[in-house]
Amino acid sequence: MTEQSTEKSTAKQEDAQVIEAQSDEAIEPQESSAEPKRGAALPWLLTLILLAALVAAGWAGYRYVYQELLVTNQQLQQQLAEQDQQLQGLQQQVESEITALERQQQQLPSLVERQLQQSEQSVLRSVSEQEQRQADLARAVASVQAELASLDVSQATAWRVLEARQLVAEASNKLYIDQAPELALQLLELADTHLAALNNPAYQAARQAINDDKVALRSVDADRHLAVAMELSSLRARLLQQQWRINAPTRTLVDEQAPADAPWYEHLQASASTLFQQLIRVQHREKPIEPQLSAAFVELAKQRVLLQLQLAQQAALSQTDALYQSSLQEALALVVELEQQSDLELAALRSDLTELAAQSLQPSLPEQLRSLALMNRHAQAVNAGVSQ
């Protein structure tokens, strides 16, 4: 019984295993038939997604990139058109300037020839005027000589004395009123020729006085103002080349070194003293500490001095003593103030300004002409003789 039951149980187990195997074989063909269907649909889906992405990318590229490229191309074309217009305008301007230069070059010989003709005509006109004036003077001299020839000796003497007296008076006016010693000297020489033509010892004292006045006028420096103006110009040029720089205050460190055979504490004390001087320095000053001038202030002061020298030079050329002295005094005051407030070496400039301020623009003239009083007495004597 037991063997039959075991056989039945084993048969049942074998049947169950067969049934499970059959069920597994039935399930495997179904799964294998479903897998090929799913694998065939996946490539189509990927293709659709790729096509959609390509379409979206193409639309975005057309919508944004292509449109921007079109706008940029239009702007570049517009800029090229504007540059072409500007280039054409520049070419036209250059051509017009070249045409104008060629026209001027063509007109230049005729213009030069016209100017030469005008200058030649003006020279010829001036020469003719001078010849006419010379002829008039020759006729006047001839008429005067004829009149002198018709006069007797006494009348010629009176005329020459009065003429000499008039010339001396005119020389005095030119000297003291017009400040023209050269013209006064020429008038005195002409007066001396009149007295020399008389050849009379009675007028020897008057001739000697005229010669003394001539010697005094020759010693007058009429061009003193020009020399002063040139000295001022040289001083300004020298001052422009100078560099006014103020040195910044520096510290002087005292190197206190102990002897080689000194104890160790002396070496330590010397090192501590050197370090202390590098960090803190105490100085005793007898004068109060003043703020240092800036470079801009020094340059401004230099420009003010140059301006005053230029004003003094203009005053010297125009012989204006008041403006000349005021300008030099102002420049001298600026130099003295800057020298007191800084360490600049301005002693040479100060001495030059002092020497220039002591000079006078007007020439030193004699108090009066000695010959004028003598010629007045001779003219009075001649008038008294004529009236008698």
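The values are calculated or read from the model by the stated rules, or taken from the named source; none is laboratory data. The structure displayed is predicted, hence computed values, not measured ones. Please note: Cβ atoms are built from the backbone with ideal geometry, for glycine as well, and neighbour counts cover all protein chains shown. Just so you know, the surface numbers come from the protein's heavy atoms only, side chains and all, with ligands and any DNA or RNA stripped out. Shrake-Rupley method; radii C 1.70, N 1.55, O 1.52, S 1.80 Å.
Take each peptide in 88-98, 158-168, 176-186, count the other Cβ atoms within 10 Å of every residue, and average; sorted highest first, the result is 158-168, 176-186, 88-98. Shown here for region 298-366: GluC sites (Glu not before Pro) in loop regions (DSSP other than H, G, I, E, B) with at most 14 other Cβ atoms within 10 Å, namely E345.
If the chain linking Q78 and R125 were pulled fully straight, counting 0.36 nm for each residue of separation and taking away their Cα-Cα distance, it would gain 10.2 nm. Within the accessible area of region 47-184, the carbon and sulfur atoms contribute 57%, probe 1.4 Å, all protein chains present.
Dividing the convex hull volume of the alpha-carbon atoms in region 61-115 by its residue count gives 40 Å³ per residue.
Using the Cβ-Cβ distance between A260 and Q341 with R0 set to 35 Å, the FRET efficiency works out to roughly 0.15.
Count Lys and Arg as plus one, Asp and Glu as minus one, and take only other residues whose Cβ is under 14 Å from that of V123; the net charge is then -2. To the nearest 0.05, what FRET efficiency results for Q186 and R377 with a Förster distance of 22 Å applied to their C-beta separation? The pair Q186/R377 has a calculated efficiency of 0.40.
Label positions at S233 and T274, each projected 7 Å from the Cα along the C-beta direction, are separated by 6.1 nm. Using R0 = 35 Å, the C-beta based FRET efficiency linking A202 and I177 works out to 0.70. Remark: accessible surface ordering of M230, M375 (largest first) is M230, M375, probe radius 1.4 Å. Counting protein heavy atoms only, region 312-374 has 50 percent of its accessible area on carbon and sulfur, 1.4 angstrom probe. Derived scalar couplings between HN and Hα for region 78-88 equal 5, 5, 4, 5, 5, 5, 5, 5, 4, 5, 5 Hz in order, rounded to whole Hz, by the Karplus curve 6.51 cos²θ - 1.76 cosθ + 1.60 (θ = phi - 60°), x for Gly and Pro. Across region 167-241, the convex hull enclosing all Cα atoms gives 78 Å³ per residue.
Residues of region 297-322 falling in the label zone of A357, defined by backbone nitrogen less than 20 Å from a point 7 Å along Cα to beta-carbon, are 301-317, 319-322.
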